[in-house]
1. With each label point set 7 Å from Cα along the Cα-Cβ vector, what nm distance links residue 70 and residue 96?
2. Between 0 and 90 degrees, rounded to the nearest ten: what's the tilt of helix 22-52 against the longest Cα principal axis of the chain?
3. How many percent of all Cα-Cα pairs in segment 16-101 sit more than 16 Å apart?
4. Using the number of other C-beta atoms within 10 angstrom as an exposure proxy, rank 222, 240 with the fewest first.
5. Using only the alpha carbons of segment 10-168, what is the convex hull's orientation-averaged projected area in square nanometres?
6. At a 10 Å Cβ-Cβ cut-off, how would you order 180, 259, 127, fewest neighbours first?
7. Given 0.36 nm per residue, what is the gain on full extension from residue 269 to residue 136 after removing their alpha carbon distance, in nm?
8. Which number do you get for Rg(Cα) / (2.2 N^0.38 Å) in the chain?
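Every number here is computed from the coordinates shown, using simple stated rules; none is lab data. Computed from a prediction, not measured in an experiment: that's the story for all the values here. We place every Cβ from the backbone using ideal geometry, glycine too, and count neighbours over all the protein chains shown.
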């Protein structure tokens, strides 16, 4: 493991061993980033809203999204025919714009209505479909998304305990244009909690994908890492599957993937290089 991480950071030959996954990885990063940004919008908006309006009893939920360089988070009512009861508008740096908190009740916009239906139908499916597995000290988070015209919801599992990041037990629900569920996909078979003590000096983390999981790093993997890496003090994260090995450099959001065969060749070259260096040093001593 240390050999691999060392090689990734210092060797310009790393790309020699990588197949061209640039397009796939770029799409994974872009979609995960959109999920991450919506979550950051929601967190900041909630902080600003509840600092001024403390009554949460009427709120049924929230939706966050970005359009035309403006970020919005809306809180909607618990009523069967829900309405928007608060709207918080932020700029691209998550700062409140002038008069950015509006508590005038209104109807959903068409885009918001789609997100609301995606979230609501996802919640209903979670409670009725035995595919979804719940675990102690954790809860599901629903992430509705309209990305490049495709409607979906990602379902991730969040830990209720501090200093723990959960990978796995995540799902994707795909919808048609009328917000009808097309199919539900379980992205990871297993659940992998990783603890990161505050005093830990470990800057790298790893988890594995089982035989039935996606071979590559998933959108939910990347989303979870973007949300937690600074607090966990991780610089890189590795996903190992049967056929591939993926490494995400979190600060730069650079995702690199190689085959297991290429990985073995790379390690062989490193070992040969180390052995050659040792022989050279021994010859110099003699």
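1. Result: 1.7 nm between the two label points.
2. 50 degrees
3. On the way: 2143 of 3655 pairs.
Everything past 16 Å amounts to 59 percent.
4. Working: 222 26, 240 15.
The fewest-first ordering by Cβ neighbours comes to 240, 222.
5. Values: hull surface 53.8 nm².
Reported value for the Cα convex hull: 13.5 nm².
6. Numbers: 180 10, 259 16, 127 7.
So the ranking, lowest neighbour count to highest, is 127, 180, 259.
7. Values: separation 133, 0.36 × 133 = 47.88 nm, distance 4.48 nm.
So the chain would gain 43.4 nm between residue 269 and residue 136.
8. On the way: Rg = 22.3 Å, N = 286, 2.2 N^0.38 = 18.9 Å.
Expressed relative to 2.2 N^0.38 Å, the Cα Rg reads 1.18.
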